[in-house]
Amino acid sequence: MKNLNRRRFLTISAAACSLPMRAVAAAPPARWRGIALGAQATLQISGVTQTQANPIFMAVENELSRLEGIFSLYLEMSEIARLNSTGYLAAPSHELLEVLSISNMLNTASDGAFDPTVQSLWQASVTADNAGSATGWKYLQYNSKRVEFTHPDTAKMGLTLNGIAQGYITDKIAELLRHKGLTDVLVDFGEIVASGQRSTGQDWRIGIKAPDQQLIKKMTMANRALATSAPIVPVGNGAQPSPHIFSPNADLRLQHGLVSISAPTAAIADGLSTACCLLSEHQIQAALDQIPGTKVEVLQSL
């Protein structure tokens, strides 16, 4: 699993292509830029002017703020922060329970590679105190009334949804826009949801870039999601890069330097791209076979 404040050194660019000379010029999409869970986020809406879109963008910002109050590791009173602080959370939100349910499905499909209880491993990498960490998806129990760690030493447990929350939030913003009757949108919050088409009547153009900004693949998408994970990213000043996707057990190790997955939802694409960094090609295919509509778009070994 990945630590979000480093994960977004990876850039997934979503850019409109140039029109053919014979095409009729179309109005540019309304655009918004901001921050989602500490990452750069952009939004494009076809068929409305910038002025018409401004109230919509305000609603998007309000929804982002609400969702960060659930999933952010760095907001003291977020649901995740309170769970990690005390070992339990009463009255969890519907959104948190939904993400935990998707996480459980991904954990099963990936044979344990997707495991959000690796937060303690990231903390240990910062403090160099491996003795203070414990992992295991089986030690997280949840229902509509309570989420809690059941490990014998609860203080050693921690939960991070950074390997799926960015995608889930992307899905929720796309859903918000659909409820407002907006069907031609491109949501790029690190993970991408491409709905409908561009104002030119063409599918959205997507570019997948490596951490060094090299363009790896161009593709078009409509009514589909994409996520890319790179476990080791360059750092400046000659510093030695360190992984930010952690293996939940000794049987798994980093095998790929970049994985890009497309799927029906950004949450699924996000979680799979994270887990697949730890899986062989055979294991990746076995995981994807269990989740309809998923596809490897880019796979690069370390």
Counted residues, segment 78-92 - those being of a type in the set (Gly, Ala, Ser) and under 22 Å from residue 152 (Cβ atoms): 3
Search result, residues across segment 174-208 that are of a type in the set (Lys, Arg) and surrounded by fewer than 18 Cβ atoms within 10 Å (Cβ to Cβ): 178, 180
Members of segment 145-181 found to be more than 17 Å from residue 89 (Cα to Cα), assigned to a loop (DSSP other than H, G, I, E, B) and touching a Gly at 6+ places or on another chain (Cβ under 8 Å), listed by number: 163, 164
Where residue 118 falls short, out of the listed (1) more than 22 Å from residue 195 (Cβ to Cβ); (2) surrounded by fewer than 21 Cβ atoms within 10 Å (Cβ to Cβ): (2)
Any chance residue 105 is assigned to a helix (DSSP H, G or I), of a type in the set (A, V, I, L, M) and either without any contact (Cβ under 8 Å) to a residue 24 or more places away in the chain or surrounded by fewer than 20 Cβ atoms within 10 Å (Cβ to Cβ) (or both): yes
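With 230, 124 as the choices, which residue is more than 30 Å from residue 87 (Cβ to Cβ) and modelled with pLDDT under 95?
230
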Matching option when the condition is small (Gly, Ala, Ser) and assigned to a helix (DSSP H, G or I), among 134, 124, 194: 124
Residues (within 17 Å of residue 272 (Cα to Cα) and touching a Phe, Trp or Tyr at 6+ places or on another chain (Cβ under 6 Å)) located in segment 170-195: 170
Some residue of segment 238-248 being in a strand (DSSP E or B), buried (at least 22 other Cβ atoms within 10 Å of the Cβ) and either touching a Cys at 6+ places or on another chain (Cβ under 8 Å) or modelled with pLDDT of 95 or more (or both): yes
Which numbered condition residue 267 misses (of (1) without any contact (Cβ under 8 Å) to a residue 60 or more places away in the chain; (2) closer than 24 Å to residue 117 by Cβ; (3) hydrophobic (A, V, I, L, M, F, W, C)): (1)
Breaking point among (1) touching a helix residue (DSSP H, G or I) at 6+ places or on another chain (Cβ under 9 Å); (2) hydrophobic (A, V, I, L, M, F, W, C); (3) assigned to a loop (DSSP other than H, G, I, E, B), for residue 232: (1)
In segment 278-302, residue farthest from residue 163 (Cα to Cα) [restricted to those that are acidic (Asp, Glu) and surrounded by 13 or more Cβ atoms within 10 Å (Cβ to Cβ)]: 281
Positions within segment 93-106 being more than 13 Å from residue 279 (Cβ to Cβ) and in contact with a helix residue (DSSP H, G or I) (Cβ under 6 Å, 6 or more places away or on another chain), in sequence order: 93, 95, 96, 99, 102, 103
Filter pass, residue 157 being in contact with a strand residue (DSSP E or B) (Cβ under 8 Å, 6 or more places away or on another chain) and over 21 Å from residue 67 (Cα atoms): yes
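The values are calculated or read from the model by the stated rules, or taken from the named source; none is laboratory data. Nothing here was measured: the structure is a model prediction, and the numbers come from that model. Using ideal geometry, Cβ is built from the backbone for each residue, glycine included, and neighbour counts are taken over all protein chains shown.
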